[in-house]
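Worksheet: the structure to be examined is printed underneath.
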Amino acid sequence: MSNTLAPKYTSLEEIPKASLQRAFYRCNLLVCLLQVSFTFKFGTTDTRYATRSGITLDITYRKEQLIQLAYLLKDNEARFNTAFKADLGRPELEVGALELHGTISECIEAWKNVEKWAKPDSVPFSLNFGVMSPKIYKQPKGVGLVIGPFNYPVLCSIGPLIGAIAAGCPCVVKMSELSPNVSGLFAELWPKYMDLSYTQIVMGAIPETTALLDLQWDHIVFTGSTVVGKIVAAAAAKFLTPTTLELGGQSPVFVDTDMDLRLVTRRILWAKTINSGQSCLAPNHIFVPLSQQEKLVEAFEKTYSDFYPEGAAKSQSFSRIVARSHFDRLKGIIDNTKGDLVCGGETDASQLFIAPTIVKNVKVDDALMKAEIFGPILPIIPVKDYQEAIDYTRAHEHPLAVYAYTNNAALKDKIITETTSGAVDINECVLHIAAPGLPFGGVGQSGSGAHTGKYSFDTFTHHRSSIHNPGWTEFLLGWRYPPYTAKKMKQTASSSPSIPVPRPGLDVAQITNSRWLSLKTVSVLAIVATVLATQRHSSFLGGILGLVYT
């Protein structure tokens, strides 16, 4: 969709210098001195070789970079609007609501909370280990790599980067070549706002991405297709590098027609048409009981007219497809569907325009259901009942989200319990990604790991277990040293925990007897404590114990 020339890609010769960054980082972290040194070339802009000692371990420095990133986005909203329009035909409202404002909020959230997030965590008190002061230290994993997508280049590229900065991890961000205007704007602005010895933007396509994946990283975040996700995971596996993969999938919608269908169709059609359907969380298809399909279709027709009274082609509220290959794929599945067209269907290759398209009477083996649609096409699949829809969903790969529109508590619980997905939204689509405190991520084929907010910080953080055992505990722990004597074996056996519930399968009489024995044990302990407290004679204690056990 781009209307301007693509910016110059990062030189392949420069990319391996990122390994210097990682080597300096890992070496000096051992002595709590961080030195990050690397250089990249962006067009006519050269970064300088920089060395920082312990800088990213400094919370104040992290906060400075976080707020600089927020200002980079805030100061340049108008330019980002222009860039998104050129790359995706994206309306300004969607740029702000779906990309910039949420990402700025994440910067601010991290800025406010990074000191708290980075503090060591104490663990619940344990009688056995309380004196050893067990703690969890938050240590930067190392140098991160973020490989971003074309469809949400701010939300899904800069969002994870916020977590890396907050965690103290130097990071390289590979921007998508399919959104060259947004990517080029970041490359231009980065040296003006950000410390280039800490974070870098890499421009390029497959060769540049391949060169990056040939290097060793300490964590990789990738957003994109399952096919490319497997390539990234395989490259990471060479170095045992952990990954966070956000991959999408066929997210279903279950519709209970007892709902207010005007409300339902507005929410679904909005979620399907933002960014022209090029959203990993977009609803992929709808399940509705066959007897209620026409009722839902009628509501969609009215909502469609409300959204696009003069047609989507003339609307300033609808994006375009990113590239000709994507357009051709989507037009192909529209042409090959056996379903019945309800709304839309118009296409214009010269504008990379595909109208929001609703198709009813779609079967599960239709061309529209072969893979994730990732475009503004919405199939409606009539089913005999919701169990059929649940069974179909369970028989296929786990989606990134499941959506259910119902006020029926039993149906809601059934859908939540009997399906698996990255997220599940009731009476809404997509919005969970913007809710503070919720992780964004998939499961199975739709991805692994999560980010946003503190989850991004945790993604780039090594949670380092620690104890500090004082010397005086030796009189308690001396049994662990060889030689292993009978006395030490007895001490070890005495520490074996009791199981607090009866064995499964015991009858009521056995359970009652077990509870009575436990009650007797408690009674004995209480009596012993009382006797010791009052320092009574040991013969009295023996008499009491004898009474209890007769």
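The values are calculated or read from the model by the stated rules, or taken from the named source; none is laboratory data. Predicted model only: the values in this text are computed from it and were never measured. Positions of Cβ are generated from backbone atoms using ideal geometry, with glycine treated the same way; all protein chains shown enter the neighbour counts. Ligands, DNA and RNA are excluded from the accessible area calculation, which covers all protein heavy atoms including side chains. Shrake-Rupley method; radii C 1.70, N 1.55, O 1.52, S 1.80 Å.
Tabulated results
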{"read-out": "Segment 370-388 residues that are more than 22 Å from Ala312 (Cα to Cα), paired with ones that are basic (Lys, Arg) and not in a strand (DSSP E or B) (beta carbon under 8 Å, 6 or more apart)", "value": "Ile381/Lys363; Tyr386/Lys414"}
{"read-out": "Residues located in segment 398-426, provided they are β-branched (Val, Ile, Thr), open to solvent by less than 50 Å² (accessible area, probe 1.4 Å) and within 17 Å of Asp258 (Cβ to Cβ)", "value": "Thr406, Ile415"}
{"read-out": "Within segment 374-390, tally of residues that are part of a loop (DSSP other than H, G, I, E, B) and within 16 Å of Arg320 (Cβ to Cβ)", "value": "3"}
{"read-out": "Residue in segment 49-56 that is modelled with pLDDT of 95 or more and buried (at least 19 other Cβ atoms within 10 Å of the Cβ) present", "value": "no"}
{"read-out": "Residue among Phe318, Phe287 that alone is in contact with a helix residue (DSSP H, G or I) (Cβ under 7 Å, 6 or more places away or on another chain), modelled with pLDDT of 95 or more, more than 19 Å from Glu346 (Cα to Cα) and open to solvent by less than 60 Å² (accessible area, probe 1.4 Å)", "value": "Phe287"}
{"read-out": "Residue ranges of strands (runs of 3 or more DSSP E) in segment 258-373 with at least 3 members over 31 Å from the mean Cα position of the chain (by Cα)", "value": "340-343"}
{"read-out": "Among the candidates Ile377, Ile358, Ile333, Ile381, residue that is more than 25 Å from Gln292 (Cα to Cα) and among the hydrophobic types (A, V, I, L, M, F, W, C)", "value": "Ile333"}
{"read-out": "Residue in segment 205-213 that is over 22 Å from the mean Cα position of the chain (by Cα) and acidic (Asp, Glu) present", "value": "yes"}
{"read-out": "Every pair of residues 6+ apart whose Cβ atoms lie under 7 Å, when the first sits in segment 202-229 and is among the polar types (S, T, N, Q) while the second is part of a strand (DSSP E or B)", "value": "Thr209/Ile147; Thr209/Lys174; Thr223/Glu246"}
{"read-out": "Pairs, first touching a residue at least 12 places away in the same chain (Cβ under 8 Å) in segment 308-334, second open to solvent by 30 Å² or more (accessible area, probe 1.4 Å) and among the acidic types (Asp, Glu), C-beta under 8 Å, six or more apart", "value": "Gly311/Glu346; Ala312/Glu346; Ala313/Glu346; Ala313/Asp348"}
{"read-out": "Filtered residue count, segment 131-141, keeping only those that are open to solvent by 30 Å² or more (accessible area, probe 1.4 Å) and either without any contact (Cβ under 8 Å) to a residue 24 or more places away in the chain or assigned to a helix (DSSP H, G or I) (or both)", "value": "1"}
{"read-out": "Among the residues listed as Ala110, Ala23, Ala18, the single one being in a helix (DSSP H, G or I), of a type in the set (A, V, I, L, M, F, W, C), modelled with pLDDT under 80 and open to solvent by less than 10 Å² (accessible area, probe 1.4 Å)", "value": "Ala18"}
{"read-out": "Identity of the residue in segment 227-248, open to solvent by less than 20 Å² (accessible area, probe 1.4 Å) and either out of contact with any Gly (no Cβ under 7 Å at 6 or more places or on another chain) or assigned to a helix (DSSP H, G or I) (or both), that ends up farthest from His396 (Cα to Cα)", "value": "Thr241"}
{"read-out": "Residue satisfying condition, being under 15 Å from Pro160 (Cβ atoms) and either assigned to a helix (DSSP H, G or I) or of a type in the set (Ser, Thr, Tyr) (or both), within set Phe186, Phe222", "value": "Phe186"}
{"read-out": "Criterion: at pLDDT below 95 and not charged (D, E, K, R) - qualifying residue of Ser183, Ser197", "value": "Ser197"}
{"read-out": "Segment 206-219, residues that are surrounded by fewer than 16 Cβ atoms within 10 Å (Cβ to Cβ) and not in a loop (DSSP other than H, G, I, E, B)", "value": "Ile206, Pro207, Thr210"}
{"read-out": "Segment 113-130, residues that are free of Cβ contacts under 8 Å to residues at least 24 places away in the same chain, assigned to a helix (DSSP H, G or I) and closer than 14 Å to Thr461 by Cα", "value": "Lys116"}
{"read-out": "Among (1) out of contact with any strand residue (DSSP E or B) (no Cβ under 9 Å at 6 or more places or on another chain); (2) modelled with pLDDT under 75; (3) surrounded by 15 or more Cβ atoms within 10 Å (Cβ to Cβ) - the single one Cys32 does not satisfy", "value": "(3)"}
{"read-out": "Test: residue in segment 337-354 that is open to solvent by 40 Å² or more (accessible area, probe 1.4 Å) and either in contact with a Pro (Cβ under 6 Å, 6 or more places away or on another chain) or modelled with pLDDT under 95 (or both)", "value": "no"}
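So that you can scan it fast, the table gives a plain yes or no per residue for (1) farther than 16 Å from Gly249 by Cβ; (2) of a type in the set (Asp, Glu):
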{"site": "Phe353", "(1), (2)": "yes, no"}
{"site": "Ala367", "(1), (2)": "yes, no"}
{"site": "Ala371", "(1), (2)": "no, no"}
{"site": "Gly375", "(1), (2)": "no, no"}
{"site": "Glu388", "(1), (2)": "yes, yes"}
{"site": "His398", "(1), (2)": "no, no"}
{"site": "Lys412", "(1), (2)": "yes, no"}
{"site": "Gly444", "(1), (2)": "no, no"}
{"site": "Gly447", "(1), (2)": "no, no"}
